[in-house]
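The structure under discussion appears below in the form of structure tokens.
The values are calculated or read from the model by the stated rules, or taken from the named source; none is laboratory data. Here the structure is a predicted model, which is why all the values come from computation and not from measurement. Here the Cβ positions follow ideal geometry from the backbone for every residue, glycine too, while neighbour counts run over all protein chains shown. These accessible areas exclude ligands, DNA and RNA; they are computed on the full protein's heavy atoms, side chains included. Shrake-Rupley method; radii C 1.70, N 1.55, O 1.52, S 1.80 Å.
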Amino acid sequence: MLFRSDSWDLATGATDDATGTSVIMEVARAIKALDLKPKRTIRFVLFWGEEQGLLGSREYVRAHKEDLDKISAVLVHDTGTGKVTSIGLSGQYQAREIMDQVVAPLRSLGLQELSMRSIGGTDHASFVPEGVPGFYCIQDMTDYNKTHHSQSDTFDKTNKDNLLQGAQ
């Protein structure tokens, strides 16, 4: 298995950011396997260059400027192998009511109350200034700060059950 390395070439980049990539790919795989027919298009995007200044997501926003009004929301899974505990709404209170409805069926997976908390440095931040609601998964920081950008950022540090929960 080959992972994109954001670990500054010290390791394979498993917790930063192959875990986010694997979660997104699992969501896409599950939708196809279940033969679901969403009412709206779901676009799965794997950005590059986040830690170098959100290069990939900024370029995506620039290249798709004309289509941004068709994007309902952006959701990013980007904090390693920890269990998803909530969704950060990045201070976008106007989205609270609809996002409460979206996550209601997910409460059984352990999702807590939605958070107004904001963080920068993840790819959703490129979309918010353009009027696209950008959200992120708030995750248990399970050893994230011990692994990312280090020689310890290897596959054996990932947690399969947490990643499956994140995909669900």
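List of remarks:
- Set side by side, the residues ALA95, ALA104, ALA125 differ, and just one is without any contact (Cβ under 8 Å) to a residue 12 or more places away in the chain, out of contact with any Asp or Glu (no Cβ under 6 Å at 6 or more places or on another chain) and in a helix (DSSP H, G or I), which is ALA104.
- The lone exception for THR158 - which of (1) surrounded by 14 or more Cβ atoms within 10 Å (Cβ to Cβ); (2) at pLDDT 95 or above it fails: (2)
Let's see how each residue does on (1) more than 20 Å from VAL45 (Cβ to Cβ); (2) in contact with a strand residue (DSSP E or B) (Cβ under 9 Å, 6 or more places away or on another chain); (3) not basic (Lys, Arg):
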residue: GLU97; (1), (2), (3): yes, no, yes
residue: PRO133; (1), (2), (3): no, yes, yes
residue: MET141; (1), (2), (3): yes, no, yes
residue: LYS160; (1), (2), (3): yes, no, no
residue: LEU164; (1), (2), (3): yes, no, yes
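- Checked against the criterion of being over 13 Å from the mean Cα position of the chain (by Cα), over 22 Å from THR21 (Cβ atoms), open to solvent by less than 40 Å² (accessible area, probe 1.4 Å) and not aliphatic (A, V, I, L, M), the candidates GLN92, GLN101 yield just one match: GLN92.
- For SER86, the requirement of being outside any helix (DSSP H, G or I), among the hydroxyl-bearing types (Ser, Thr, Tyr), at pLDDT 90 or above and within 14 Å of the chain's Cα centre (by Cα) is met.
- A count restricted to region 21-73 and to residues that are open to solvent by less than 40 Å² (accessible area, probe 1.4 Å), small (Gly, Ala, Ser) and not in a loop (DSSP other than H, G, I, E, B) stands at 4.
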